[in-house]
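Beneath this line is the structure, given in structure tokens, with notes to follow.
The values are calculated or read from the model by the stated rules, or taken from the named source; none is laboratory data. Fair warning: this is a prediction, and the values are worked out from it, not measured in the lab. So basically every Cβ, Gly included, is an ideal-geometry build from the backbone, and we count neighbours across all protein chains shown.
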Amino acid sequence: MRGAFSLLESCQIPCTRFLSTTFRFSRGCYPMQRPIKHNTLCFCRNVQTFTREVVKASYLSTPQTKPSKHTDQPSEKVESIGAFQKLPMVMPSVDILQSALRKAKRVLPTKGIANIAKRERNRGAKQLDALMKELAIPLRGYLENFPKRIYLHPYERSLIELTFGAGHYEEVLKKVDALRKKVVSVGKEHASLCAQSLSKREAEERLNEGLEKLQEIFKREGQAVDNLLYIAKILRAMPVVDLEMPTLCLVGAPNVGKSSLVRLLSTGKPEVCNYPFTTRGILMGHIAIDYQHFQVTDTPGLLKRCDEDRNNLEMLTLAVLSHLPTAILYVHDLSGECGMSPSDQFMVYKEISKRFGDHLWLDVISKCDLLKESPVVFITEDGEADHLELAKYRKIGPEGAIRVSVKNEEGVNELTKKVHELLMAQMGRISSKSVQDSVQVT
């Protein structure tokens, strides 16, 4: 002991404090206290401390580990694409309530209770507890299995925001969690009251009161569960995109013939109608070339306006181009039948080609059978008639563009060949990127 006190005195701590050392033996504890006074300066800022325990006349060190800085932070990571297909099946709120009531009413009191009042309050408390759990457990499962938006792939994050609006997904999950907490709180409260009943009649009254209260809460706020069911239904129906599979994305103004080309080139069967914005979302098809599989996406049309004025359908197209590794098949309609002038199409084309110029690219002029007739002339085209590049675009479209007519199958073979070459090049780009990523990881 004298050596231990000498060691502490050598630390030169300028204060008076009591050292309390406790030796633990198999029979009792013996505290020893001794005042130590120091008036000298301290030269060491940090003193490492440790504890030792006496066990059978030997010292065993007990290391004191510092808590990790990240213990309170979630260990979740960014999900790979395809999280929507892993969403749990959500039951309608009415079905959850009816199932919970049936199971709760089948709960019996604990066997062996002879006193009627005790048996009744035991039954009531157990039934209320069972109903509370049957309502809360499914809600907790939904909250645990619906991914947080911040951990989703950027493409799927954009789909949620553009489909349901900013913040709606999080708001619905928040309401489901609030409903779960309220059910647990009210259920525990009424189960406790029922367990404190003094008579059989009082126990029955508190049981009925608790059942009615839980039903009232779930019926009034169960709409949050139904909203979550709707979200899950919509998200699960979203097309699955494979990031490792080369993808061809058809882009252009509304009603230029993108959907018709998707039906022609792939297994996709989008709706084809002669009016703008027929495509209301991302539609997926597939192409098989020499036992290799490729994806083809049909996207909503883009209008001539800034991003702040674009609707959610247009933003969905930009999200595909921004977050997915796609090759672009840009479709032009110089006939004027689509309802958007070639001049406006040219402006949108220049903007998209500048923004996504790093993508592999192929230009197609659709409805070329109509170009043999006199094209529609728009008044808006006269203002820039002296622009050489625009004038050239009105006549022949972009340089190197393929002219195609789905109606008489003109240029279809050439387009198919070019699309296959484009997809094979895209596959080579994806493979080289995967190799680079693996090298960086190692």
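Inclusion of residue 117 among residues that are in contact (Cβ under 8 Å) with a residue 60 or more places away in the chain, farther than 19 Å from residue 218 by Cβ and in contact with a Pro (Cβ under 6 Å, 6 or more places away or on another chain) is not warranted. Of all residues in the range 303-322, those that are closer than 18 Å to residue 160 by Cβ and among the basic types (Lys, Arg) total 1.
Residue count for the range 145-196 satisfying the condition of being more than 12 Å from the chain's Cα centre (by Cα) and among the polar types (S, T, N, Q): 4. Restricting attention to the range 301-326, the residues that are under 17 Å from residue 255 (Cβ atoms) and among the β-branched types (Val, Ile, Thr) add up to 1. Somewhere in the range 145-155, is a residue among the aliphatic types (A, V, I, L, M) and assigned to a helix (DSSP H, G or I)? Looking for residues that are among the aliphatic types (A, V, I, L, M) and assigned to a helix (DSSP H, G or I), one finds at least one in the range 145-155, hence yes.
Quick check: is even one residue across the range 116-137 farther than 18 Å from residue 209 by Cα, at pLDDT below 95 and not in a helix (DSSP H, G or I)? Scanning the range 116-137, I find no residue that is farther than 18 Å from residue 209 by Cα, at pLDDT below 95 and not in a helix (DSSP H, G or I), so the answer is no. Please tell me if residue 181 is part of a helix (DSSP H, G or I), modelled with pLDDT under 95 and over 28 Å from residue 349 (Cβ atoms). Answer is no for this residue. Working carefully through the options 124, 167, find the one that is small (Gly, Ala, Ser) and without any contact (Cβ under 8 Å) to a residue 12 or more places away in the chain. The unique qualifying residue is 167. Against the definition (in contact with a His (Cβ under 9 Å, 6 or more places away or on another chain), charged (D, E, K, R) and assigned by TED's automatic domain parsing to the domain that holds residue 101), how does residue 209 come out, yes or no? Criteria met by residue 209.
If you filter the range 409-442 down to residues that are among the polar types (S, T, N, Q) and modelled with pLDDT of 85 or more, you find that the one that is nearest to the chain's Cα centre (by Cα) is 426.
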